[in-house]
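Undergrad: Structure provided below as structure tokens; questions to follow.
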Amino acid sequence: MFILNPQSGIPIYRQLLDQVRRMVASGQLPAGAALPSIRDLALLHAVNPMTISKAYSLLEAEGILERHRGKPMTVASQAPSRAALSTRLQQIAPLLDQAVLAARQLQITETELAKALHRQWEESNDD
Amino acid sequence: MMTSPTIHAAHLGKAFGSRDVLRDLSFEVMPGDVVGVLGKNGAGKTTLLELMLGFTPPTTGEVSVFGHPSRRMPGTVKLRVGFVPQQDELLDPLSVRDQLNLVASFYPDWDGALVERLCDEWHIDPRARIRSMSMGERQKLSIVLAFGQRPQLLVLDEPVASLDPLARRQFLEQLVELSADAQRAVVFSSHIVSDIERLANRIWILKEGRLDWQGDLDSLKESIVRLHLQCAGGLPERLAIPGLLSLRRLEGGAVAVVRDWTQAAQHELERQIHGCVQAESLGLEEIFLELHR
């Protein structure tokens, strides 16, 4: 369900955080959907349970997940599935950073990059 | 309610003759912590673990386990501590079964069912003679003996050096089980950085007898980054980069590794070089190597 790479420079809890946020934002994890238990996820990936629980707690604080006594955590019913635009933009900021950097290296102007993005957007709509 | 630390050490030091092996170490281990101890050969990892367990007296400072000085742990406290040494302490003439029964007799909380299951899953034959077992099999048995005690504190010194990847993974899974209730503490040293990266939430990096880094693995990964500096006009001769560990100049820029990195420092550096800076996060192995350049 999740892809966790312990050898990555990105801490495991952040990898999980980002993936749950994205899956909830996209509706892939709908309101009420149950998440795997901390223990199961930790065992599956052979990682420290505390790193999983850290991610879950942060997601709970953000209002994305709900905790239930003795039951699995679920996606919150009024989950900010439509998170504020600023939040959603923040999530793709790292990808934009990379695109901007690559554009600078290739001496592509801001306008040219914006045009290319627009074309890409239109093409992906056609699919 | 305040949770009291499982291990507490203040200004701990150890010298053998005139040689300082460990100097001025202060740390705490809390219930639920899984501490990974990293260091080059001879950095003092084994000595540190032995000091914690009270096998050898400190030259300076103090260390206590469950509130008792390590050298004077009452018997009831010792029963809560499990240890897997680098050199196993199995009794050659015994069979596996006899060795298991012997150790079980010391521990009132002995988990016989767990030991049976692990022996089965890890292919340890209870009828085998210990003297005829391979290094890897002996190491597996030592680990099973420690898990069987259901220790509140488990200390392991290079526990997986002789294990194959499959056995290592089984061992890691068992450590996850052990730490899942967040009540127990684990301290383990290993040269297999990827194992530590999976299991540890706290990292100690020993360098020349000192704790060069102690803290969360997550903070470590967020703190030490590789910077790619690019500026069309060429890099200034003099650069002021806080926390610089290494710098390599290249055509049109440089690659630098820094510690205690912040977003603010990144903006400051971009202004300084009139160019752009990209931060790349590093895996634990690369961080370890960078800290030892």
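The values are calculated or read from the model by the stated rules, or taken from the named source; none is laboratory data. Computed from a predicted model, the values in this text were never measured in an experiment. For neighbour counting, all protein chains shown are included, and Cβ atoms are generated from backbone atoms with ideal geometry for every residue, glycine included.
Undergrad: Out of all the residues in segment A:34-67, which are part of a helix (DSSP H, G or I) and among the polar types (S, T, N, Q)?
TA: Scanning segment A:34-67 gives A:51, A:53, A:57.
Undergrad: If you check B:31, B:57, B:93, which single one turns out to be touching a residue at least 60 places away in the same chain (Cβ under 8 Å), in the same structural domain as residue B:205 (by TED's automatic domain parsing) and not in a strand (DSSP E or B)?
TA: Of B:31, B:57, B:93, the one residue that is touching a residue at least 60 places away in the same chain (Cβ under 8 Å), in the same structural domain as residue B:205 (by TED's automatic domain parsing) and not in a strand (DSSP E or B) is B:31.
Undergrad: For segment A:97-105, check the following and say yes or no: at least one residue is closer than 30 Å to residue B:198 by Cα and at pLDDT below 90.
TA: yes
Undergrad: Which of the residues belonging to segment B:271-283 are surrounded by fewer than 15 Cβ atoms within 10 Å (Cβ to Cβ) and either over 23 Å from residue B:220 (Cα atoms) or more than 10 Å from chain A (Cβ to nearest Cβ) (or both)?
TA: Residues satisfying the conditions are B:271, B:274.
Undergrad: Hey, does segment A:17-24 have a residue that's at positive phi, surrounded by fewer than 18 Cβ atoms within 10 Å (Cβ to Cβ) and not assigned by TED's automatic domain parsing to the domain that holds residue A:95?
TA: Initial filter on segment A:17-24 (at positive phi): none.
No; the residues of segment A:17-24 include none that is at positive phi, surrounded by fewer than 18 Cβ atoms within 10 Å (Cβ to Cβ) and not assigned by TED's automatic domain parsing to the domain that holds residue A:95.
Undergrad: Related question: Looking for whichever is closer than 25 Å to residue B:180 by Cα and more than 14 Å from chain B (Cβ to nearest Cβ) here; the options are A:70, A:9. Which one fits?
TA: A:70
Undergrad: Can you list the strands (runs of 3 or more DSSP E) found entirely within segment B:180-285 that contain at least 2 residues being β-branched (Val, Ile, Thr), within 30 Å of residue B:152 (Cβ to Cβ) and assigned by TED's automatic domain parsing to the domain that holds residue B:147?
TA: B:185-189, B:202-207
Undergrad: Only residues in segment A:92-115 that are within 10 Å of chain B (Cβ to nearest Cβ) count as the first member; pair them with residues that are loosely packed, with under 14 Cβ neighbours inside 10 Å and not hydrophobic (A, V, I, L, M, F, W, C), Cβ under 6 angstrom, at least 6 apart or cross-chain, and list the lot.
TA: Here the result reads none, with nothing in segment A:92-115 linked to a residue that is loosely packed, with under 14 Cβ neighbours inside 10 Å and not hydrophobic (A, V, I, L, M, F, W, C).
Undergrad: Six or more apart or on different chains, Cβ under 7 Å: which pairs go from a residue in segment B:175-203 that's more than 10 Å from chain A (Cβ to nearest Cβ) to one that's hydroxyl-bearing (Ser, Thr, Tyr) and surrounded by fewer than 20 Cβ atoms within 10 Å (Cβ to Cβ)? Could you list them?
TA: That search, which allows pairs on different chains as well, returns nothing.
Undergrad: Counting only residues that are surrounded by fewer than 19 Cβ atoms within 10 Å (Cβ to Cβ) and in contact with a strand residue (DSSP E or B) (Cβ under 7 Å, 6 or more places away or on another chain), which one in segment A:37-62 is farthest from residue B:174 (Cα to Cα)?
TA: Result: A:60.
Undergrad: Condition (residue is over 30 Å from residue B:194 (Cβ atoms) and either of a type outside the set (Lys, Arg) or in the same structural domain as residue A:95 (by TED's automatic domain parsing) (or both)) applied to segment A:33-51: is it met by at least one residue? Show your work before the answer.
TA: If we filter segment A:33-51 for residues that are over 30 Å from residue B:194 (Cβ atoms), which is where we start, we get A:33-34.
Next, from what is left, pick out any that are either of a type outside the set (Lys, Arg) or in the same structural domain as residue A:95 (by TED's automatic domain parsing) (or both): A:33-34.
Among the residues of segment A:33-51, at least one is over 30 Å from residue B:194 (Cβ atoms) and either of a type outside the set (Lys, Arg) or in the same structural domain as residue A:95 (by TED's automatic domain parsing) (or both), which makes the answer yes.
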